[in-house]
Amino acid sequence: SHGDLGAAVFFSAALTPADFYLRLLGLPDDTLRLRLPSPFPPTAQCTLIYSGLSLRYAERDHPRHLTDVCAVAASVWHAKPGNYWLFAPSFEYLERLWEAFRQQYPDIPAQRQERGMTDAARAAFLAPFTSPQPSGPAGLLGMVVLGSVFTESIDLPGEALIGVIVLGTGQPQPSPVNDAMLAWFQAQGLDGQRLTYELPGWQKVVQAAGRVVRTPSDRGVVVLVDRRFATAGYRNLAPPHWRMQAVASVSAVEERLAAFWSEQFD
């Protein structure tokens with residue numbers, strides 16, 4: 001029973017900022033908190049913000065939008081071919097992006113998450129990453145939906161996954177439940193937009209980025225595609241070891257990542 005409860009410990013790599021999660025979990029303001037640094041060196045991960053695009057819903061129908069997104073993904077691949085995951089904001093967007101990418105870059109090996117995948121289908125999707133065949137491609141771009149079953153609890157160390165591309169800030173769609181949460185936060189004098197939409201979306205982004213560096217010997221890249229990531233509101237949320245750098249052109253993405261992969265560390 002609750003009367004016998006002496007203490008509880010909550011832990012996660014995505015409980016940031018702590019004040020928000022204390023309130024969301026119904027914990028008192030004087031709850032003890034501890035944030036540990038990453039066990040991996042900052043040099044293990046290159047984190048880029050591509051600020052040349054907006055993934056806001058209203059701007060995704062621009063005639064060149066999908067073309068430009070495909071170009072960013074291809075630049076990441078060309079900097080170092082290998083295994084990558086691209087996280088799209090929705091299945092509808094993923095399906096449109098898939099068609100555009102296959103037309104523009106048919107030579108880049110790729111596969112995508114399907115709607116309603118069975119356990120067997122999910123295992124088949126993961127197989128090229130977890131158990132690559134000698135006769136298979138040297139690398140593979142997997143396209144999945146942010147916040148789906150592939151966003152967390154997937155362990156792909158070493159060359160099994162060397163980078164992720166996150167399209168958009170992961171904010172949930174407006175709904176009666178989210179509108180009610182926003183109104184409640186606002187009534188408490190809090191920033192309802194940030195607490196209802198921005199921070200839950202950011203948690204998905206952190207979970208996706210967490211697929212990359214899994215062991216002390218791993219190195220990898222995280223590319224966040226959306227100019228909103230370059231604002232102070234998002235930069236201040238990022239873990240210190242990310243050392244985010246903003247770039248505004250596709251050529252700059254490829255150049256910076258190529259430089260990262262050429263660097264040698266003991």
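The values are calculated or read from the model by the stated rules, or taken from the named source; none is laboratory data. On a predicted model such as this, the values are computed, not experimentally measured, just so you know. Cβ placement follows ideal geometry from the backbone for every residue including glycine, while neighbour counts extend to all protein chains displayed. The area values use the complete protein model at the heavy-atom level, side chains included, leaving out ligands, DNA and RNA. Shrake-Rupley method; radii C 1.70, N 1.55, O 1.52, S 1.80 Å.
Quick notes
- Here residue 266 clears all of (1) at pLDDT 90 or above; (2) exposed (fewer than 13 other Cβ atoms within 10 Å of the Cβ) except the condition numbered (1).
- Residue count for region 205-228 under the criterion of being farther than 19 Å from residue 256 by Cβ, β-branched (Val, Ile, Thr) and not in a loop (DSSP other than H, G, I, E, B): the result is 2.
- The condition of being in a loop (DSSP other than H, G, I, E, B) and either among the aliphatic types (A, V, I, L, M) or without any contact (Cβ under 8 Å) to a residue 60 or more places away in the chain (or both) holds for residue 138.
- Residues of region 193-221 that are of a type outside the set (Gly, Ala, Ser), over 24 Å from residue 126 (Cβ atoms) and surrounded by fewer than 23 Cβ atoms within 10 Å (Cβ to Cβ): 193, 194, 195, 197, 198, 199, 200.
- Matching entry among 71, 58, 8 (being in contact (Cβ under 8 Å) with a residue 12 or more places away in the chain and either closer than 17 Å to residue 222 by Cβ or out of contact with any Phe, Trp or Tyr (no Cβ under 7 Å at 6 or more places or on another chain) (or both)): 71
- Residues (assigned to a helix (DSSP H, G or I) and without any contact (Cβ under 8 Å) to a residue 40 or more places away in the chain) located in region 11-22: 18, 19, 21, 22
- Being without any contact (Cβ under 8 Å) to a residue 12 or more places away in the chain and either open to solvent by 70 Å² or more (accessible area, probe 1.4 Å) or touching a helix residue (DSSP H, G or I) at 6+ places or on another chain (Cβ under 7 Å) (or both) is a property that does not hold for residue 149.
- Taken over region 229-264, the criterion of being in contact (Cβ under 8 Å) with a residue 40 or more places away in the chain, assigned to a helix (DSSP H, G or I) and among the small types (Gly, Ala, Ser) is satisfied by 230, 251, 258.
- Some residue of region 101-116 being surrounded by 14 or more Cβ atoms within 10 Å (Cβ to Cβ), small (Gly, Ala, Ser) and either farther than 16 Å from residue 142 by Cα or in contact with a helix residue (DSSP H, G or I) (Cβ under 6 Å, 6 or more places away or on another chain) (or both): no
- Qualifying residues in region 222-249 (those that are polar (S, T, N, Q) and more than 23 Å from residue 161 (Cβ to Cβ)) - the one surrounded by the fewest Cβ atoms within 10 Å (Cβ to Cβ): 236
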